[in-house]
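To start, the structure under review is shown below, and the notes come after it.
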Amino acid sequence: MKKQIILSFIVAAGLASCEKDLEMYSEPTCRLNFYYDIDETGDYKPEMGRSAYSFVYGDPDRTQDTIWVEVESMGFVSDKDRAISLEQADSAGVENAVAGKHYVAFNDPQMAQYYVMPAGKARTKLPIVMLRDASLKEKTVVLKYRIKPNENFINGYSQYIERSLTFSDQLSEPSKWTYQYPYGDKWTVSFADYFGDYGLVKHQFLINETGDKWDDEYIDKLMTGDSSYLEYMMRKMARRLREVNAERAAQGLEPLTEADGTPVEIYDPYA
């Protein structure tokens, strides 16, 4: 018993000595990342940094809309508000959004009051304001944006400092259509595995048949909800598609196809 007490004392003393030898965290530099609520796998997926929006779902008189993105700092918090900076990054092979035309510029004076890390906080949300320009009726634009180093923050981890937003005033592919959701311990599954490749005609068909938007929020609800209901919806829409095509055939019309002639298909394992 005496030996145990002595040994415990030695270990405790050693730990105390180690604690004294450790230097206090004193790095004054603060880093900034976009915040992601990583799932239980702990894995970051590139699609987490992509989002999509369409004005077509909202009020027809709406001239602008806002999405909010969350950022998180690394380092000490401050007792003062700290300005945050964003900047646009060109994306190759797509129609890039134009500041002042498709979105409110990040350096617009009216945005300064919102691009702030509040005193005492390490996390906050920033607005991305989209403008409903007439050109969005005919095309989809991509706003690729990233954290811009300033006097308060430098960039954090490379995969967490950039995001992209695809938007239009017409139907467009939701970002969650091909998003890979965890399925069991080793597998992932996407909405496309159930409903097939995206197409505008297919998207409109799903909306018409259910009255739902089939946007990111709706898809996310389906994919994270009851799997039996998800399979039920897949079979129901596949059956309804066959019925619509039969009705079209009776009228002398071709089956539903996309603009490029690709048939609209929804897999039904029980058909």
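The values are calculated or read from the model by the stated rules, or taken from the named source; none is laboratory data. Keep in mind that what you see is a predicted model, and the values were worked out from it rather than measured. Cβ atoms come from the backbone with ideal geometry, glycine included; neighbour counts cover every protein chain shown. The accessibility values were calculated without ligands, DNA or RNA, using every heavy atom of the protein model including side chains. Shrake-Rupley method; radii C 1.70, N 1.55, O 1.52, S 1.80 Å.
Of [x] 17.8; [y] 14.5; [z] 23.0, which is the value of mean projected area of the Cα convex hull in nm² derived from the coordinates here? Derived directly from the coordinates: [z]. Take the chain with all the other protein chains still there, run a 1.4 Å probe, and you get 61 Å² of accessible area per residue.
Compute log10 of I(q)/I(0) for the stretch 149-271 with the Debye formula, placing one identical point scatterer on every Cα and leaving out solvent, at q = 0.14, 0.23 Å⁻¹, to two decimals. For the requested q values the scattering log ratios are -0.71, -1.46.
Note on the chain: with neighbouring protein chains present and a 1.4 Å probe, carbon and sulfur make up 51 percent of its accessible heavy-atom surface.
What does the convex hull of the Cα atoms come to per residue for the stretch 181-223, in Å³?
Spread over its residues, the Cα hull of the stretch 181-223 gives 70 Å³ apiece.
Kindly identify the stretch 65-152 as rounded, prolate or oblate by the Cα gyration tensor criterion: order the square roots of the eigenvalues as a ≥ b ≥ c, call it rounded if a/c is under 1.5, otherwise compare a/b with b/c, prolate if a/b is larger, else oblate. Verdict is prolate for the stretch 65-152. The share of alpha-carbon pairs in the stretch 83-208 lying farther apart than 20 Å comes to 58%. Taking other residues whose beta carbon is less than 13 angstrom from the beta carbon of Tyr57, and scoring Lys, Arg as +1 and Asp, Glu as -1, yields -4.
Highest average first, the peptides 112-121, 158-167 ordered by how many other beta carbon atoms sit within 10 Å of their residues are 158-167, 112-121. Local charge for Pro269 was computed over the other residues whose Cβ lies under 11 Å away, with Lys and Arg +1 and Asp and Glu -1, and equals -1. Rounded to whole Å, the principal axis extents of the Cα atoms in the stretch 68-111 read 41, 24, 15, largest first.
Taking a Cβ cut-off of under 9 Å around Ala119, the surrounding Lys, Arg, Asp and Glu residues balance to a net charge of +1, with basic ones at +1 and acidic ones at -1. Sequence gap at least 6, Cα distance under 8 Å: using those rules, report the relative contact order of the stretch 215-271 to the nearest whole percent. The normalised contact order for the stretch 215-271 reaches 32 percent. The angle between the Cα long axis of helix 200-210 and the longest principal axis of the Cα atoms of the chain comes to about 90 degrees, rounded to the nearest 10.
Of the residues Trp187, Trp214, the one with the largest accessible area comes first in the ranking Trp187, Trp214, computed with a 1.4 Å probe on protein heavy atoms.
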